[in-house]
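Reviewing the structure listed below.
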Amino acid sequence: MGKITGFKEFDRQNFTLAPVKERIKHYNEFTTPLTKAQAQDQAARCMDCGVPFCHSNYGCPIGNLIPQFNDQVYRGKWESAFRTLMSTNNFPEFTGRVCPAICETACVLGMNETAVGVKNIEYEIIEKAYRKGWMKAQVPKRQTGKNVAIIGSGPAGLATANQLNKAGHNITVYEKEQRIGGLVRYGIPNFKLDKKDVVQRRVDLMSQEGVKFITDANIGVDIEIADLQETNDAVIITTGAGAPRDLPIENRDANNIHFAMEFLAQANGRVEGETFKNDILATGKNVVVIGGGDTGSDCVGNSIRQGAKSVTQIELMPKAPDERTEDMPWPTYPRVFKMSTSQAEGCTLDYNILSKSFIKDENNNVTGINCVRIEWEGRGFNEISGSDFVLKADLIMLAMGFLGPLQDDVIKELELETDERSNIKTTGYKTSIKGLFSAGDCRRGQSLVVWAIYEGRECAREVDEYLTNSTTMLNCRDKSLCEM
């Protein structure tokens with residue numbers, strides 16, 4: 001490793017965030033990256049730990065070679081660091097912005113000190129690569145003549161497409177929406193992940209490399225998947241976990257109660273110039289977000305930018321502890337409390353809240369929620385007597401997670417077998433139908449962008465082996481033969 005004493009000499013330094021009063025006026029990213037010298041100092045903090053848990057099974061799912069690229073950054077070998085990073089991660093420009101940095105919670109230095117700022121360094125590497133021109137289209141040198149259709153253009157579909165295209169197969173990605181990107185396009189807010197300058201930039205590179213993208217193509221609804229099976233040597237389903245968890249309590253039919261993704265998709269679409277017949281806007285309204293996770297937090301940030309009168313986020317579960325507890329030992333990922341940047345912009349957070357019923361007026365518009373406080377005992381809870389209260393609300397977003405993939409498109413058409421959680425059932429990544437594969441959230445359930453990339457890479461390896469009867473890619477714990 002580079003500077004053996006670096007972790008003793010340099011304190012952790014994170015990106016600087018724009019002041020709240022400034023950043024809530026726009027939908028742009030609001031971080032100020034590290035300087036070149038600062039990034040090298042941060043990379044120097046990566047200690048010679050012997051066993052780097054950051055890219056073990058406890059750390060990075062895709063096995064990023066973190067100590068290697070940290071050492072290369074510390075020594076000023078930025079292009080080498082870029083090559084190392086791209087050997088395992090198809091989209092570091094995504095993960096460098098929105099990954100929860102599992103690698104950092106598994107960092108050995110993190111046992112006693114603040115962990116190495118891996119995520120910030122990853123961001124610096126890939127953005128420098130774009131500026132320097134190292135990140136450019138790489139057209140495959142050979143073609144196999146095999147045709148592959150991928151249904152869904154989220155991170156899993158894009159990773160699968162990227163890997164298989166590098167292997168020389170002809171790839172066509174079908175997307176039911178107007179633009180490519182799936183969750184990273186329509187779910188994650190623009191102020192966390194810019195769509196034009198980051199997502200579309202990467203999609204354009206893939207197009208230059210030969211990947212074909214077809215939008216407004218809802219396979220299993222507008223187009224039969226049987227047509228794709230007839231014209232392709234393999235078909236891969238990467239449609240994500242699009243079925244949201246509902247809250248079927250009294251007066252659920254009231255107006256202005258929406259699933260989070262309905263609101264987020266519109267918010268992102270407006271940034272890209274889209275208009276909508278039935279706008280879902282928080283402007284001037286008392287907004288309540290039910291669900292305390294990242295999706296709910298994204299609703300909070302957008303509501304504040306739209307000029308909500310008030311924003312409240314409630315959660316059924318208790319507030320997480322501030323630090324690791326005995327049942328969250330290092331290097332496992334700790335479920336500790338972290339206030340998001342959106343929550344810090346002006347949101348009331350409340351925990352242990354059970355929504356009993358919605359309240360509506362004579363015009364069927366929601367006006368509030370009848371709530372009660374609860375106390376947990378083991379895996380169950382009891383309502384606290386006398387703790388009932390009414391939470392005023394003109395707009396409610398349901399952000400309580402996802403139950404699995406939508407069941408009325410490709411799953412219905414092919415009568416695909418699903419597991420107990422309604423996900424597409426596979427052996428490895430193969431479905432029960434020959435030549436049909438699945439990867440990402442529609443196969444493993446709702447998860448992180450980095451896990452979607454892992455799924456895409458691993459699925460691509462199986463598909464490539466199926467098409468060629470040989471292995472031209474290695475798994476995510478090894479260097480890919482398709483590295484740049």
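Given THR231, THR239, which one is of a type in the set (Ser, Thr, Tyr) and out of contact with any helix residue (DSSP H, G or I) (no Cβ under 9 Å at 6 or more places or on another chain)?
THR231
Return yes or no: is LYS166 touching a Lys or Arg at 6+ places or on another chain (Cβ under 8 Å), surrounded by 22 or more Cβ atoms within 10 Å (Cβ to Cβ) and not polar (S, T, N, Q)?
For LYS166, the condition - touching a Lys or Arg at 6+ places or on another chain (Cβ under 8 Å), surrounded by 22 or more Cβ atoms within 10 Å (Cβ to Cβ) and not polar (S, T, N, Q) - is not met.
Taking ASN256 as the residue in question, decide whether it is in contact (Cβ under 8 Å) with a residue 60 or more places away in the chain, touching a strand residue (DSSP E or B) at 6+ places or on another chain (Cβ under 8 Å) and buried (at least 17 other Cβ atoms within 10 Å of the Cβ).
Taking the combined requirement at face value, the residue satisfies it.
Please work out which residue is surrounded by the fewest Cβ atoms within 10 Å (Cβ to Cβ), limiting yourself to segment 37-55 and to residues that are modelled with pLDDT under 95 and of a type outside the set (A, V, I, L, M, F, W, C).
GLY50
Please state which one of ALA308, ALA344 is within 27 Å of ALA18 (Cα to Cα) and under 21 Å from the mean Cα position of the chain (by Cα).
Result of the check over ALA308, ALA344: ALA344.
Considering segment 295-322 alone, what residues qualify as being on the phi < 0 side of the Ramachandran plot and either at pLDDT below 95 or assigned to a loop (DSSP other than H, G, I, E, B) (or both)?
GLN306, ALA308, LYS309, LEU316, MET317, PRO318, LYS319, ALA320, PRO321, ASP322
Residue by residue through segment 259-305, note down the ones that are crowded, with 18+ Cβ neighbours inside 10 Å and polar (S, T, N, Q).
GLN266, ASN268, ASN286, THR295, SER297, ASN302, SER303, listed by residue number.
Okay, residues lined up against (1) within 23 Å of the chain's Cα centre (by Cα); (2) in the same structural domain as ALA439 (by TED's automatic domain parsing):
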{"site": "ASP194", "(1), (2)": "yes, yes"}
{"site": "ASP197", "(1), (2)": "yes, yes"}
{"site": "ARG202", "(1), (2)": "yes, yes"}
{"site": "MET206", "(1), (2)": "yes, yes"}
{"site": "ASP222", "(1), (2)": "no, yes"}
{"site": "GLN229", "(1), (2)": "no, yes"}
{"site": "ALA234", "(1), (2)": "no, yes"}
{"site": "THR238", "(1), (2)": "yes, yes"}
{"site": "ASN251", "(1), (2)": "no, no"}
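Step by step: first the residues of segment 306-329, then only those that are surrounded by fewer than 16 Cβ atoms within 10 Å (Cβ to Cβ) and touching a residue at least 24 places away in the same chain (Cβ under 8 Å), then the one that is nearest to LEU391 (Cα to Cα). Which residue is that?
Here the residue is LYS309.
Which of the residues spanning segment 341-389 are part of a strand (DSSP E or B) and among the polar types (S, T, N, Q)?
Scanning segment 341-389 gives THR348, SER355, SER357, ASN365, THR367, ASN370, ASN382.
Return the total of residues in segment 15-29 being in contact with a strand residue (DSSP E or B) (Cβ under 9 Å, 6 or more places away or on another chain) and either surrounded by 20 or more Cβ atoms within 10 Å (Cβ to Cβ) or of a type outside the set (Phe, Trp, Tyr) (or both).
So the count comes out to 4.
Just a yes or no: is a residue in segment 352-371 surrounded by fewer than 20 Cβ atoms within 10 Å (Cβ to Cβ), closer than 30 Å to TYR58 by Cα, in contact (Cβ under 8 Å) with a residue 40 or more places away in the chain and not assigned by TED's automatic domain parsing to the domain that holds TYR58?
No, that holds for no residue.
Would a scan of segment 375-387 turn up a residue that is charged (D, E, K, R) and surrounded by 19 or more Cβ atoms within 10 Å (Cβ to Cβ)?
So far as segment 375-387 goes, no, none of its residues is charged (D, E, K, R) and surrounded by 19 or more Cβ atoms within 10 Å (Cβ to Cβ).
For residues that are at pLDDT 95 or above and touching a Phe, Trp or Tyr at 6+ places or on another chain (Cβ under 7 Å), scanning just segment 113-125, find the one that is farthest from TRP330 (Cα to Cα).
ILE125
Got at least one residue in segment 125-132 being touching a Lys or Arg at 6+ places or on another chain (Cβ under 6 Å), crowded, with 24+ Cβ neighbours inside 10 Å and under 29 Å from VAL173 (Cα atoms)?
no
THR332: farther than 30 Å from CYS49 by Cβ and out of contact with any strand residue (DSSP E or B) (no Cβ under 7 Å at 6 or more places or on another chain), yes or no?
No; evaluated as a whole, the condition is false for this residue.
Quick check on segment 404-419: of everything there that is more than 24 Å from the chain's Cα centre (by Cα) and assigned to a helix (DSSP H, G or I), which residue is surrounded by the fewest Cβ atoms within 10 Å (Cβ to Cβ)?
LYS412
With the structure loaded, tell me whether LYS128 is part of a helix (DSSP H, G or I), modelled with pLDDT of 95 or more and either farther than 21 Å from TYR454 by Cβ or over 24 Å from the mean Cα position of the chain (by Cα) (or both) or whether it fails that test.
Here the answer is yes, as LYS128 does meet what is asked.
The values are calculated or read from the model by the stated rules, or taken from the named source; none is laboratory data. What you are looking at is a predicted structure, and each value in this text was computed from that prediction instead of being measured. Cβ: placed from backbone, ideal geometry, glycine included. Neighbour counts: every protein chain shown.
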